[in-house]
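Participant: Following this message is one structure expressed as structure tokens.
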Amino acid sequence: MNHRPRLLTLLAILVLVCAGPGPLQAQLSSEIVDGLVRDTYTTIRDDALRPPDLLTLLHHTALAAQQGLISSGVAEPPPLPVLTGQEAQDLTFAAAYVQAAVAAVPIGGDRVLAGVLRAMVRTVTDPQGAIYGPLELTQYHRDLHGEHSGIGVQVDVVKGRIVITDVTATGPAGRAGVQIGDTVVEAGGRAVVGSTPDQIVERLRGAPGTTVTVAIRRADGTVVRLSLARDASRENPTRWKMLAPRFGYLRLLEFPKGASTDIDRALTGLKSAGAVALLLDLRKNGGGLFDEGIAVASAFLPDGIVAMEEHRGTLTPLDVLPNVRRFSGPVVVLVSGFTASAAEIVAGALQDNGVPLVGEKTFGKGTIQTIYTLRGGWGLRLTTSSYYTRRGRAIDGRGLQPDVRIPLDEDLIQSPQDVQLQEATAVLQARLASSPRVRP
């Protein structure tokens, strides 16, 4: 075997490394760069739902580093390493080439590295795969924990008014004395008349440190105007209330960490208020944590499995969780075109158990992503498995078809023109009328 081309390549790499580190090298040491390349490679090899050809993966790793050099102004980057088919040796060659490329760029070595890692993920043909820099990973984890940059409140429509239904004690609103039960009069300098809860929440959210004005009316009629600096804080993802005697309404906006606990508290409140039948609203719920989806679905299923998880041809049943407080009365689920991921796990499990879905066909995201924390604070998101409903239906790319299809502009959710909510209420009334006697 001719080793000369590889020796020349390695000599060129050594010249680049010895040229001296740029100002970013305190953050991107050769050890961190080497570790990031190796960790990303082994994670893709071992955990990706459908791993790529490994030689192709390593070739694109080095090629992306070479392209990064060219885009950074290096006119004649060293030739690519010649891969031999010996995995350990080829990985060393590719990682060394990336180290050299990052070290050779005085400003922007992090961009070169990010381009390499993203090229590695692209070889998996994974639409949900992603690489996060340290700041991006921090923000992503905040999102998974339900943290949003806003004022830390939840709102809902109560008797035609926009009312504060939950306040995060440590958030900007909580620190300013906003209380549950306060009525929102203005948000962002505009009256809330005619606005939906979703629209008000969007007005209250914004970049950290920016300010938003809000006017609230207390129970005694006093109007208080506040200027609040937005901050990242966890927001309760649930909205719940009684629509009528015996009829509860529960909306879940996302599946962050702790969503199942929030649902449990909401169900406890609804049962205490006399709810024996429930509308579960998952419209515009884009998902979140898979485990939270299993836990939430378990609150509405008597036994059996919630879903089935598939990894490289192996199916694993995911059982209904024990010791979960369950709602046993009639349920109807509202869904929309942006009901996705963990929300589809719940909707699909309940539909397979005889619960009707009302609304529009769901998004169709039936894969599960795992977040890996890598060296230097970087992160990797990789599709590692897919799931099927408890009866074995595939969701990915297909979605769930509603039992009662009612089109609706999503801007009208929870507005007086919410015909999906009206139809779901009628379906729930019929189910309650035909059910055996139920108790809260």
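Participant: Where the second residue is charged (D, E, K, R) and the first is closer than 16 Å to ASP39 by Cβ and lies in the range 81-96, which pairs have Cβ atoms under 8 Å and are six or more apart or on separate chains?
Facilitator: LEU91/ARG38; ALA95/ASP34; ALA95/ARG38; ALA96/ASP34
Participant: Please determine, by comparing only the residues of the range 24-66 that are surrounded by 16 or more Cβ atoms within 10 Å (Cβ to Cβ) and of a type in the set (Asp, Glu), which one is farthest from ILE368 (Cα to Cα).
Facilitator: In this case the residue turns out to be ASP34.
Participant: Scanning for something assigned by TED's automatic domain parsing to the domain that holds VAL33, modelled with pLDDT of 90 or more and either touching a Phe, Trp or Tyr at 6+ places or on another chain (Cβ under 7 Å) or at positive phi (or both), does the range 92-105 turn up at least one residue?
Facilitator: No, because not a single residue in the range 92-105 is assigned by TED's automatic domain parsing to the domain that holds VAL33, modelled with pLDDT of 90 or more and either touching a Phe, Trp or Tyr at 6+ places or on another chain (Cβ under 7 Å) or at positive phi (or both).
Participant: Return a yes/no flag: does the range 232-239 have any residue that is modelled with pLDDT of 95 or more, more than 22 Å from VAL158 (Cβ to Cβ) and touching a helix residue (DSSP H, G or I) at 6+ places or on another chain (Cβ under 8 Å).
Facilitator: For the range 232-239, residues modelled with pLDDT of 95 or more, more than 22 Å from VAL158 (Cβ to Cβ) and touching a helix residue (DSSP H, G or I) at 6+ places or on another chain (Cβ under 8 Å): absent.
Participant: Still on this structure, please answer the following. Cβ-Cβ distance below 6 Å, separation of 6 or more or different chains: which pairs start in the range 353-381 with a residue that is touching a residue at least 40 places away in the same chain (Cβ under 8 Å) and end on one that is assigned to a strand (DSSP E or B) and charged (D, E, K, R)?
Facilitator: GLN369/ARG381; ILE371/ARG381
Participant: Looking at the structure I just gave you, is ARG398 over 23 Å from VAL276 (Cα atoms), modelled with pLDDT of 95 or more, surrounded by fewer than 18 Cβ atoms within 10 Å (Cβ to Cβ) and within 20 Å of the chain's Cα centre (by Cα)?
Facilitator: Yes.
Participant: Residues in the range 116-125 that are part of a helix (DSSP H, G or I), out of contact with any strand residue (DSSP E or B) (no Cβ under 6 Å at 6 or more places or on another chain) and surrounded by fewer than 18 Cβ atoms within 10 Å (Cβ to Cβ): how many?
Facilitator: 1
Participant: Residues in the range 151-164: is at least one more than 25 Å from GLU410 (Cα to Cα), touching an Asp or Glu at 6+ places or on another chain (Cβ under 7 Å) and assigned to a loop (DSSP other than H, G, I, E, B)?
Facilitator: The answer is no, given that none of the residues of the range 151-164 is more than 25 Å from GLU410 (Cα to Cα), touching an Asp or Glu at 6+ places or on another chain (Cβ under 7 Å) and assigned to a loop (DSSP other than H, G, I, E, B).
Participant: At negative phi, surrounded by 20 or more Cβ atoms within 10 Å (Cβ to Cβ) and in the same structural domain as SER328 (by TED's automatic domain parsing): which single residue out of LEU270, LEU243 fits that description? Before the answer, list the steps.
Facilitator: Values: LEU243 fails: surrounded by 20 or more Cβ atoms within 10 Å (Cβ to Cβ).
Within the list LEU270, LEU243, the selection yields LEU270.
Residues are listed down the side, and each one gets a yes or a no for (1) touching a Phe, Trp or Tyr at 6+ places or on another chain (Cβ under 8 Å); (2) closer than 21 Å to PHE255 by Cα:
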position: ILE371; (1), (2): yes, yes
position: LEU374; (1), (2): no, no
position: LEU380; (1), (2): yes, yes
position: GLY397; (1), (2): no, yes
position: ASP403; (1), (2): no, no
position: ILE406; (1), (2): no, no
position: PRO416; (1), (2): no, no
position: GLN420; (1), (2): no, no
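Participant: Take the residues of the range 73-103 that are hydroxyl-bearing (Ser, Thr, Tyr) and surrounded by fewer than 19 Cβ atoms within 10 Å (Cβ to Cβ): which is farthest from VAL116 (Cα to Cα)?
Facilitator: THR84
Participant: Could you pull out the residue among ALA424, ALA349 that is crowded, with 21+ Cβ neighbours inside 10 Å, over 26 Å from LEU49 (Cα atoms) and out of contact with any His (no Cβ under 9 Å at 6 or more places or on another chain)?
Facilitator: ALA424 is the lone residue from the list that is crowded, with 21+ Cβ neighbours inside 10 Å, over 26 Å from LEU49 (Cα atoms) and out of contact with any His (no Cβ under 9 Å at 6 or more places or on another chain).
Participant: Quick one: GLN128 ticks every box in (1) surrounded by fewer than 20 Cβ atoms within 10 Å (Cβ to Cβ); (2) in a helix (DSSP H, G or I) bar one, so which box is it?
Facilitator: Failed condition: (2).
Participant: Turning to a different aspect of this structure: I'd like the residue in the range 139-198 that is modelled with pLDDT of 95 or more and acidic (Asp, Glu) and, out of all such residues, is farthest from LYS241 (Cα to Cα).
Facilitator: Among residues in the range 139-198 that are modelled with pLDDT of 95 or more and acidic (Asp, Glu), the one farthest from LYS241 (Cα to Cα) is GLU186.
Participant: Since LEU252 meets every condition but one in (1) under 16 Å from the mean Cα position of the chain (by Cα); (2) of a type in the set (A, V, I, L, M, F, W, C); (3) not assigned by TED's automatic domain parsing to the domain that holds THR339, which condition does it not meet?
Facilitator: (3) is the only condition that LEU252 fails.
Participant: For the range 138-173, give me each residue that is at positive phi and without any contact (Cβ under 8 Å) to a residue 12 or more places away in the chain.
Facilitator: LYS159, GLY160
Participant: Still on this structure, I have one more. Cβ-Cβ distance below 6 Å, separation of 6 or more or different chains: which pairs start in the range 174-198 with a residue that is over 20 Å from ARG251 (Cα atoms) and in contact (Cβ under 8 Å) with a residue 12 or more places away in the chain and end on one that is assigned to a loop (DSSP other than H, G, I, E, B) and among the polar types (S, T, N, Q)?
Facilitator: Correct list of pairs: GLY174/THR168.
Participant: As an exercise: evaluate ILE180 against (1) in a loop (DSSP other than H, G, I, E, B); (2) under 16 Å from THR213 (Cα atoms) and give the number of the one condition it does not meet.
Facilitator: The one condition ILE180 does not meet is (2).
Participant: Within the range 116-171, how many residues turn out to be farther than 30 Å from VAL192 by Cα and basic (Lys, Arg)? If you could, list the steps in order and put the result at the bottom.
Facilitator: First, the residues of the range 116-171 that are farther than 30 Å from VAL192 by Cα: 116-138, 140-141.
Pick out the ones that are also basic (Lys, Arg) and you get 118, 122.
Of the residues in the range 116-171, 2 are farther than 30 Å from VAL192 by Cα and basic (Lys, Arg).
The values are calculated or read from the model by the stated rules, or taken from the named source; none is laboratory data. Everything quoted here is computed from the prediction, not taken from an experiment. We place every Cβ from the backbone using ideal geometry, glycine too, and count neighbours over all the protein chains shown.
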